[in-house]
Every structure is written in C-alpha cells, then in structure tokens.
Amino acid sequence: MFSKKLQNLHPYVPGEQLPACNYIKLNANENPYPPAPAVSEILSAFIKDKAASMSLYPDPESADLCKALARMLNESGGILNASAKLPFNVTEDMIFCGNGSDEVLSFIFYSFFDADAPLILPRYTYSFYPVYGEYYGIPLKRIPLKPDWSVDVPTVISALKEPCSGFICANPNAPTGIALTNEDIEAVLKNARGRAVVIDEAYADFGNTTALSLLDRYDNLIIVRTFSKAFCFAGMRLGFCIARPEAVSALKKAKNSFNHFPVDVLTQCAGSAVCKNWSYYADKASRIAADRDIFKNELEKAGWTVLPSQTNFVMVKKGKPEAPAEFSGAFVYKQLKERGFLVRYFEGPDTGDFVRITVGTGEQMRLLADIMLKM
Ligand SMILES: *Cc1c(COP(=O)(O)O)cnc(C)c1O
C-alpha cells in the first residue's frame, strides 16, 4: 500500500530528544534561557481572557505577527545585535511566517526550485536541505567546502553558470558555524541569473552580519529566519522569511495549496510579544556569543581545534587542525554522555572527527570545559 515515493525517502534525523532532567542538552542548538517574562505573561493572559478564540481558525496570513516582525527588524537593524540600521524599511508584505523555518523552507523548495535543474548547495550545510531535495525530486549539486571549512564561493559561482535551480546555504553555515561575508553573497546573487538565492540565517542573531541589506538591490534573495535558536521558542514552532513582496506572494500561493493555517493563535500572539521584547533576546544572544568565545579559548589552550563560530554552537575535535583527531566524534560524544552532557556527532569521512556542541549557560560551559580539558 505504500507509495514508491515514500519508500525512497531518507528523513532528517534531529538531535536526540532525551528527558532534559537527565542530561544537560547541548545537541540541538536550542537556547538555554527561558523566554522573556512578558511572553509568559501574554500566554497566561491569553488563556485567561481569550481562550474562546481557540475555537476559531487563526489569521491565515499572521498579519499582526508580520507587522511586529517588520517593526523589530527595523528597530534592531535586522539582527539582534546589529551595528547599523537597515538602508530601507522592511514592510509586512516582505514577511512570510510558517510553522517553524523547516516548514518555510519546504514552501521555498516547492516555490523556487525545479526538478529539471540541480539546486546548488555546499557539501556540508543544514542536513534538511538534501531531505527536501529528495522529497520534491529536485536534483542537487553539492560543492565541497574549502580546507578551512568555509564555503567555496568561486566554485559555487562557476556552478551557477550551468543550468540550475538556484542556491541554498545556511549563513553562518551549519554545522561549521562559519559565516560568508555579504560581498560573497552579493557575488552569488549577481551570478544566479535570476534564480533564487536562499540564505538561511537561523544563527545570524549570534553573529554580526545579515544579508538583509542586499534585499534592496536583489529580488532573487530569500532570507530565512527561525525563532527556535535566538528567540527561546523551539517548542512553539515559528519561522519566517524576508523577501520581496512578489516572492512572498509566491510562498503564500504554495502555503494556501497545502495548509492555510500554519501558525496557530497562541503562537501568533506569543510571537508578537517576543518581537516587542527583542532587547531581552539581544542581551541573551550576546551573552551566548561571549560564553562561546570563552569556551573556544579554553578548549584551544588544551589542544582542541575549534572552528571559528558566529553561532550558538562550536564544531570541535581533539588535536591539530590538519592532523587526524586523537578521538573520533562518536567517542567524544559517548564520553560526554556518560558525564551527563548530550552533544552531537556526525558520521562521515570529513566530519567524523568532530562533535558539535551547543553553547549553553556560562555555568554549563564551565562544567563541560572542565571535563574536556582532562580528555
Ligand atoms: C534549526 C535550524 C532550522 C530549523 O528551525 P525551526 O524553525 O525549528 O524549524 C532551519 N535552518 C537551520 C540552518 C537550522 O539550524
């Protein structure tokens, strides 16, 4: 009774979701801090005063939430700790919301990429992209990373000169944590010959760059964001993208052909409250970035290689950058799990030496560094 399509799927495997009470969970890049107090208050008030609205369908376009998101982006400068204002105003018709950014990505794959030409992406990037490629029958052209683990932009640009569906990449990239510059992204946009360039900025709020300012000049740029990492909201499921209004209309057409109501009333309400309280999250993101850099320094002193991260996670291996690691990622994972820390490892010829560690609270990272310094 099962379709051939289904039999050929290889689903995404997320980080283990074991009971948080038994482990310090540093394996899915979740935020260690609770949401802003105002968000919990809004949720309590909703249940007390507005519970009746649960009987009705939510706003299919999340209009109030899109307004709140646009206001936050304009006030903050596009990311939580931006150093400058955006060169233009983000308007609500440039925002599309979905049930987590994974769902937004699904609509993006459907709306912009075709089955008759390959989608270009780095060999190592968010591992959900190949899963969607398979789901939608879009062939992939995977470009190896450079020896320093950064994205090989010149090779991406040559690939764009052949017939293709477009380009997708997480920036900063996952699982490396390394970011491309806006000059690199602009070079990709210029060479994409009108095909979509999707920049997944799931982690941009922990760094200091966003490609948002390029939306002014490139109508083929789609920027994807999630509430799951910097906004302490992974359990609520909210993601969005920012693009030109024509691209947002295309995504709405795809959404309305699949699920009219991806964002529920409670999430729309709490999501708007998150936006109004963005400075709380800016403070947490800069604290996480500072704890990340302290952790990196400690580990490097003890002979670990730590890739230069602009995110809330680090990729690490024991030993020198060019040399084979002293332990496999699987071994480090197992040792740390026995000591109560859950991290993530990736099988494979290039990534097998590494573990990826989410940056938790300062206290959690001190405890973890104590263990790793003795390994
Ligand atoms: C975590 C993550 C996502 C998924 O976010 P959700 O909003 O929780 O679905 C998407 N892209 C990247 C690169 C991520 O790391």
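Filter the cross-link list LYS25/LYS50; LYS5/LYS334; LYS146/LYS337; LYS296/LYS374; LYS25/LYS255; LYS67/LYS253 down to pairs whose alpha-carbon distance in this structure exceeds 26 Å. Beyond 26 Å: LYS25/LYS50; LYS5/LYS334; LYS146/LYS337; LYS25/LYS255. In this structure segment 1-144 gives 54 Å² per residue of accessible area when probed at 1.4 Å with all protein chains present.
Taking the protein heavy atoms of the chain in the context of the full set of protein chains, the accessible area attributed to carbon and sulfur is 55 percent at 1.4 Å. Surface exposure of segment 162-203, expressed per residue as accessible area with a 1.4 Å probe, stands at 29 Å².
Taking trypsin sites (Lys or Arg not before Pro) across segment 272-375, the ones in a DSSP loop with at most 11 further Cβ atoms lying within 10 angstrom of their Cβ are LYS374. Relative to the 2.2 N^0.38 Å rule of thumb, the chain has a C-alpha radius of gyration ratio of 0.98.
Counted over the chain, the DSSP beta bridges are approximately 50% antiparallel.
Pick out, in residue order, every one of the chymotrypsin sites (Phe, Trp or Tyr not before Pro) in segment 46-110 that is DSSP loop and has at most 16 other C-beta atoms within 10 Å; say none if there are none.
Values: sites: PHE46, PHE88, PHE96, PHE107, PHE109, TYR110; in loops: PHE88.
Listed in order of number, the matching sites are PHE88.
Farthest towards the positive end of the charge dipole of the chain, among the residues PHE113, PRO308, ASN74, is the Cα of PRO308, using unit charges on the Cβ of Lys, Arg, Asp and Glu. For THR209, the solvent-accessible surface with a 1.4 Å probe is about 60 Å², rounded to the nearest 10. Under the criterion of Cα pairs below 8 Å and six or more residues apart, the relative contact order for segment 1-151 equals 19 percent.
Modelled spin labels at ASN8 and SER279, positioned 7 Å past Cα toward Cβ, are 5.4 nm from each other.
So if I take the alpha carbon set of segment 153-253, get Rg, then get Rh from the Kirkwood formula, what is the Rg over Rh ratio?
Values: Rg = 13.8 Å, Rh = 14.2 Å.
Rg/Rh: 0.97.
For segment 19-152, the normalised intensity computed at q = 0.12, 0.15 Å⁻¹ comes to -0.84, -1.21 (log10 of I(q)/I(0), Debye sum over alpha carbons, equal scatterers, no solvent). Ranked by the mean number of other Cβ atoms within 10 Å per residue, highest first, peptides 263-273, 163-173, 75-85, 197-207 order as 197-207, 163-173, 263-273, 75-85. Straight Cα distances below 17 angstrom link LYS284 to the lysines LYS229, LYS276, with same-chain residues fewer than 8 positions distant left out.
The values are calculated or read from the model by the stated rules, or taken from the named source; none is laboratory data. Just so you know, these numbers come straight off a predicted model, no measurement behind them. Counting neighbours? That spans all protein chains shown, and the Cβs are built from the backbone with ideal geometry, glycine included. For the accessible areas, the whole protein counts, side chains as well, though only heavy atoms, and no ligand, DNA or RNA atoms are used. Shrake-Rupley method; radii C 1.70, N 1.55, O 1.52, S 1.80 Å.
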